[in-house]
Amino acid sequence: MSEIVLSTLNARYIHCAFGLRYLHANLGDLQSRAEIREFTINQRPVDVAEALLALNPKIIGLGVYIWNAEPTLALVQAIKQLRPDITVILGGPEVSYETEGQALTQWADFVITGEGEVTFADLCRRLLKGGRPLLKVLPGEAPDLKTLKTPYHYYTDHDIKHRVLYVEASRGCPYRCEFCLSALDKTTRAFPLEAFLADMQTLFDRGARQFKFVDRTFNLNLSISQAIMEFFLERYEEGLFLHFEMIPDRLPEQLRGLIARFPAGALQFEIGIQSFNPEVAQRISRKQDLQRLNDNFHFLDRETGVHTHADLIIGLPGETLESFGEGLDRLIELRPNEVQIGILKRLRGAPINRHTERWQMVYNHAPPYEILQTEAIPFEQMQRLKRFARYWDLIANSGNFQSTLPLLWHEASPFQSFLHFSDWLYETTQAVHKISLERLVQLTLDYLTTVKQATRSHVGEHLLRDYTRSGRKPPKCLYEFTDSFQAPRPQTTSTLPKRQRRHQAGGAPALS
């Protein structure tokens, strides 16, 4: 039985709790007295409490994020009601700001704000010796990255084989985008490159082939990002997959040459654009060179096999439905593989809150604190756009409709066309969740042939190609088109993430 239990509720099982592993790695002499236990938000809090209490710990440390705040509250309440003698320590971005008014932090014994590796270890050491700080909320001490113990040893062989491995070469962000907590960072700190690459080599030797970098601006320090890409390029083999979050207007020649050498599917870039509206971008302190951004997207599309994942946000202060739509149309012209349409959230501590009164921003009080309406987008219109975003993910981003998708907006505005489709889908189904793929195929067929009046055989051919491309047998709604259809060759085995495999199998960008 361990005296210290580090735990959290992950969004999904496939995700590993990176922060818990950092805490464990830096416990020093307390490591042998601690263990990690991970759960998911799909498990009942009372069942999680049972599992944790069965370990009979003295201290439970919980990582709190926007996606697990509500079930974590229920978990902490159960623990403290059943075993008030157990010390509960909270940490993570959800409790690092505006801590005083949260029900969750009121139930806990201590809260560590910010980076917690050093402070958590010191607090546990003091508590186990019988001491107790006077303050409940303790500011985390930013560690020296040269001496911080890295967590990669704490990925198990099972993690490496079955779960997403998170890694980081730096912390912080120099930009001040007000919707993001990174706007509060004062600088960017890099881990020692030689030691970081040694950690990557150890993971690689253990069989790791998929690495998700959590750096907010991977291509900020060009010498470091270049060295990391060279490291993986030299070791490339089938199944290697690297995810980076990239600054959209910073892609100089020395990086371009390396990027172009990676085989198709090996790299995925998450590229945050958020808004093409220059007034909105200025309002939220977001700076980007749109001409360089355009040039970089054209390079990635024409000269590389990078899977591009671009982000836009609905609900920024002053952004209208029309200006958002114009931005989406503009982004689609740049041919990303996916456009992630996010809904603005009021993250605790993020500077976006300064616009609340002027732009009449109304947020949901419950996590994830999504925007409900603004001066520019009333509630009914915001609901409409949220449905749009959900259907966009199911149809445009899933990779299941690559061939069919352009039929929805042939020679018209993609935004206006898909918005009309979205309205029709909701009117027809009254649902945005639990719609099966076969049902989506039937709905798309009905819409294109009745509302858009497209030729039925032409639509059926595209849908059949999309549905069977990954080896699936045709659904009943497409049987009528199978007589003249030549089935695609079976896919070769791929170790890429499932969603990206669907995009790669299509042989063309999803949004082209």
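Data table
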| read-out | value |
| --- | --- |
| Condition met for T99 (without any contact (Cβ under 8 Å) to a residue 60 or more places away in the chain, open to solvent by 10 Å² or more (accessible area, probe 1.4 Å), under 27 Å from P143 (Cα atoms) and in a helix (DSSP H, G or I)) | no |
| Matching residues, the range 171-215, being under 24 Å from T156 (Cβ atoms) and β-branched (V, I, T) | T202, V214 |
| Top-ranked residue in the range 53-65 [being surrounded by fewer than 23 Cβ atoms within 10 Å (Cβ to Cβ) and in contact (Cβ under 8 Å) with a residue 24 or more places away in the chain; ranked as farthest from R125 (Cα to Cα)] | Y65 |
| Qualifying residue in the range 355-362 (condition: of a type in the set (F, W, Y) and not in a strand (DSSP E or B)) | yes |
| Test: residue in the range 387-410 that is charged (D, E, K, R), without any contact (Cβ under 8 Å) to a residue 40 or more places away in the chain and either under 25 Å from L331 (Cβ atoms) or surrounded by fewer than 17 Cβ atoms within 10 Å (Cβ to Cβ) (or both) | no |
| Conditions (1) open to solvent by 10 Å² or more (accessible area, probe 1.4 Å); (2) touching a residue at least 12 places away in the same chain (Cβ under 8 Å): number failed by V88 | (1) |
| Residue within the range 441-452 that is loosely packed, with under 14 Cβ neighbours inside 10 Å and in contact with a Leu (Cβ under 9 Å, 6 or more places away or on another chain) present | no |
| Among (1) in a loop (DSSP other than H, G, I, E, B); (2) in contact with a Ser or Thr (Cβ under 8 Å, 6 or more places away or on another chain); (3) closer than 26 Å to I228 by Cβ, the one test that T150 misses | (2) |
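This table checks each residue for (1) in a helix (DSSP H, G or I); (2) more than 30 Å from F379 (Cβ to Cβ); (3) open to solvent by 10 Å² or more (accessible area, probe 1.4 Å); (4) in contact with a Ser or Thr (Cβ under 7 Å, 6 or more places away or on another chain).
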| position | (1), (2), (3), (4) |
| --- | --- |
| D249 | no, yes, yes, no |
| G257 | yes, yes, yes, no |
| I273 | no, no, no, no |
| D295 | yes, yes, yes, no |
| D301 | yes, yes, yes, no |
| A310 | no, no, no, no |
| I313 | no, no, yes, yes |
| G318 | no, no, yes, no |
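This table checks each residue for (1) buried (at least 17 other Cβ atoms within 10 Å of the Cβ); (2) part of a helix (DSSP H, G or I); (3) β-branched (V, I, T); (4) touching a Lys or Arg at 6+ places or on another chain (Cβ under 9 Å).
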| site | (1), (2), (3), (4) |
| --- | --- |
| R125 | no, yes, no, no |
| G130 | no, no, no, no |
| L134 | no, no, no, no |
| Y175 | yes, no, no, yes |
| A183 | yes, yes, no, yes |
| G207 | no, no, no, yes |
| K212 | yes, no, no, no |
| D215 | yes, no, no, yes |
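The values are calculated or read from the model by the stated rules, or taken from the named source; none is laboratory data. Treat the numbers as computed from the prediction; the structure is a model and nothing was measured. Don't worry about glycine lacking a Cβ; one is built from the backbone with ideal geometry, like all the others, and counts go over all protein chains shown. Please note that ligands, DNA and RNA were not included when accessible areas were found on the heavy atoms of the full protein model with its side chains. Shrake-Rupley method; radii C 1.70, N 1.55, O 1.52, S 1.80 Å.
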